[in-house]
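See structure below.
The values are calculated or read from the model by the stated rules, or taken from the named source; none is laboratory data. Model, not experiment: these values are computed from the prediction. With ideal geometry, Cβ positions are generated from the backbone for all residues, glycine too; neighbour counts draw on all protein chains shown. Ligands, DNA and RNA are stripped out before the accessible areas are found, and what is left, the full protein with its side chains, is counted by its heavy atoms. Shrake-Rupley method; radii C 1.70, N 1.55, O 1.52, S 1.80 Å.
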Amino acid sequence: RDIQNCRVAFVWPEALAAWPAESAMSFVATVTNPTAVPSAYENMLKFSHYAGEDTQPRVAHQRGWLVLPQVSSLSLTLAAGSWLRAGAEDAALFLDFVPSNDATIIRLEGTTPSGWSFGRSRLCPLALSVCFEPQEEESAAVFMVWGVEITSGLRFQATITGATLAQPGGLSTFSLQTFREDQTGALQAVDAGTMEFHLPGSVHVYEGKLRTITGGVLDPLDKLWSQLPPRVNQPEAAIVWEFDLTMPAEEGDWVSLRVESGPMHLTSEQAAILQIGPNGELEEVTTSKTLVSNREVRLDLQQGLATSPQRYHAYVSAMVLAPLDAPAASFLNISVCREGHTLPVATNDAVVPDSGLDRYRWFAAMSVAFTIADIRTAPLTQIQLVGRLPLTGTYSSVDLLAPLGAAILPPCYPSVCVRVEPNAFGTGQNAALGLQLGEIKLLINLPEWWTLGRNRWVALLQDSERNVTAAPQWSYSDEVSLRLMPAGVAYPAVAGARGAQLTVSF
């Protein structure tokens, strides 16, 4: 092929004394590198020194410097459908560039942050139906593949599968080089480039569960309601979880809570993030909430969120539309987003929390018709509770739990039960276990008051396991009201008075 030459001449000024023989001479020339890598024969510099116009030049040759053109249109990002969060395994990257030279070897290195690993990765060019295995390299962060056809000027696109994304996320930088082998089999670098993108940090969810709004949000200290699962088609569910972050969230960011799959709708009735203090105390993070759709709630942060070891407690209300699979294959997608960023600042990729999502944490029960006759009575009295649960084809008995402080007189009467349990399911509440379905009548001693207003009578239709958190059907009634008798006492408050009249009214 044609070899392009360029020439420059340096002329020593006549006004100056001649340059001393055998003394070093240096000069500087500004050059433009070629767009393609020259061959070893082309990449030579020739130096000619003339002592005068009529003298023969002294000639020397020197191999030129390494010319390594930059690839154009270079980009590297997470592939569509890949895991996004820092630390995720089996993620996929998408590589796209236009090479300046033909090559057969490609080398990619994750330089920052540390922790990139391509030990199980493969290179899958979009133009081919085959994938290439990497060569052994000096570190897990280096991915080098041989035998790839890379053509000068033709866009090269490939997916790199099986990558482990580096912790903790943030700005990630990479270097790319392509090579070809020369006549001796040595590698000759022909193209190079660097690229960067923002890798989402990790929203690490430690504990997640599905509960009722009452037990999960409004009254989590209620030992019974904190165990009850929500019921299908009832607007009473709450998803509750604990998490931390590897990348900080700033004021002005927002947290997206999104249902990826499953028969569930979100609501904005209850949605909040609370900071967990050193002694377990909870302090609410200031946010404003927006219902984006029935699958997504947005919490705009009016203050930042710190990284681990700071932990947070969060919840969002929901409604379950159908029975859930257990164990669940995914959780709520929780992503911290920032204006101008195409990828989240941090996300959990909707992966199952560390605690798992078995039927004791991720379960929805069916509702059952349960009624109690409206009773308005005085505290510390004995009453006959009258209620009704219709017969079903699946269950023949029910466990009835009284509110805290109310006592069911043993043995059950007039209705019959297996036994009266004074501390049912560790709640401290009385329960009549194994009541027959249909009409229910029991003698009850009422307390002086309902503790913290907890006046619900809960009916659980149980299977042989008898577990509150996975009760297949349940319902409640709060029709028993405690009413103090209005009474008053009046008398003249005069010291030493005799025969004073005292009036009692009720």
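Potential lengthening of the chain between E14 and R454 amounts to 147.6 nm, from the contour at 0.36 nm per residue minus the alpha-carbon distance. Amide H to amide H, with H built 1.01 Å from N, T111 comes under 5 Å of T173, F174, S175, counting only residues 5 or more places away or on other chains.
Looking at the square roots a ≥ b ≥ c of the eigenvalues of the Cα gyration tensor of the range 150-296, which shape do they give, rounded for a/c under 1.5, prolate if a/b is larger than b/c, or oblate? Prolate, since a/c reaches 1.5 and a/b exceeds b/c.
About its Cα centre, the dipole of the range 383-463 is roughly 120 debye, where the only charges are +1 on Lys and Arg Cβ and -1 on Asp and Glu Cβ. Each residue of the range 458-464 was assigned a 3J(HN,Hα) from its phi angle through the Karplus curve 6.51 cos²θ - 1.76 cosθ + 1.60 (θ = phi - 60°); the sequence is 10, 10, 10, 8, 10, 8, 5 Hz, with glycine and proline shown as x. Rolling a 1.4 Å probe across the protein heavy atoms gives the chain an accessible surface of 54 Å² per residue. Of the chymotrypsin sites (Phe, Trp or Tyr not before Pro) found in the range 432-478, those in coil by DSSP whose Cβ has at most 15 other Cβ atoms within 10 Å are W449.
Taking a ≥ b ≥ c as the square roots of the Cα gyration tensor eigenvalues, with a/c under 1.5 meaning rounded and otherwise prolate when a/b beats b/c, else oblate, which class fits the range 173-228? Prolate shape, in that a/c is at least 1.5 and a/b is the bigger ratio.
Shown here: percent of Cα pairs over 40 Å apart, derived from the displayed model; of the candidates (1) 37; (2) 52; (3) 28, it corresponds to (2). Per the Debye calculation on the range 88-136 with a single equal scatterer at every Cα and no solvent contribution, log₁₀ I(q)/I(0) for q = 0.14 Å⁻¹ amounts to -0.44. Lysine pair count for the chain with Cα-Cα distance under 30 Å and sequence separation of 8 or more or different chains is 4. For G405, the residues whose modelled amide H falls within less than 5 Å of its own, excluding neighbours fewer than 5 places apart on the same chain, are N430. Between the residues P472, L409, S367, the greatest Cα displacement towards the positive end of the dipole of the chain, with unit charges on the Cβ of Lys, Arg, Asp and Glu, is found for L409. Is the shape of the range 318-408 rounded, prolate or oblate, going by the alpha carbon gyration tensor and its root eigenvalues a ≥ b ≥ c, with a/c under 1.5 for rounded and a/b larger than b/c for prolate? Prolate shape, in that a/c is at least 1.5 and a/b is the bigger ratio.
In the chain, if the dipole is taken from +1 on Lys/Arg beta carbons and -1 on Asp/Glu beta carbons about the Cα centre, which of A497, L443, V98 is farthest to the positive end? Looking along the dipole axis, the top candidate is A497.
Label point of E465 set 7 angstrom out along Cα-Cβ; within the range 341-378, amide nitrogens under 20 Å from it belong to 352-368. For the range 221-290, the spread of Cα positions along the three principal axes, ordered from largest to smallest, is 37, 30, 21 Å. Across the range 122-137, computed HN-Hα scalar couplings (Karplus, 6.51 cos²θ - 1.76 cosθ + 1.60, θ = phi - 60°) run 9, 9, 10, x, 5, 7, 10, 9, 10, 10, 10, 7, x, 7, 5, 10 Hz from first to last residue, x flagging Gly and Pro. In the range 427-506, what GluC sites (Glu not before Pro) fall in a loop by DSSP, with at most 12 other Cβ atoms inside 10 Å? Answer by residue number: E448, E465.
The Cα center of the range 238-293 and the Cα center of the range 140-198 differ in position by 39 Å. The charge dipole of the chain, taken about its Cα centre with unit charges on the Cβ atoms of Lys, Arg (+1), Asp and Glu (-1) only, comes to about 1880 debye. Where both bridge residues fall in the chain, DSSP classifies roughly 95% of the beta bridges as antiparallel. Rolling a 1.4 angstrom probe over the chain with all protein chains present gives an accessible area of which 52% lies on carbon and sulfur atoms. Under 8 Å for C-alpha pairs, at least 6 residues apart: give me the relative contact order for the chain, rounded to a whole percent. That works out to 11 percent.
Taking Cβ atoms as reference points and 14 Å as the exclusive limit, the residues near I408 contribute a net charge of 0, counting Lys and Arg as +1 and Asp and Glu as -1. Think of the chain as a dipole: +1 on every Lys or Arg Cβ, -1 on every Asp or Glu Cβ, centred on the Cα centre; then among L433, H341, P323, L433 lies furthest on the positive end.
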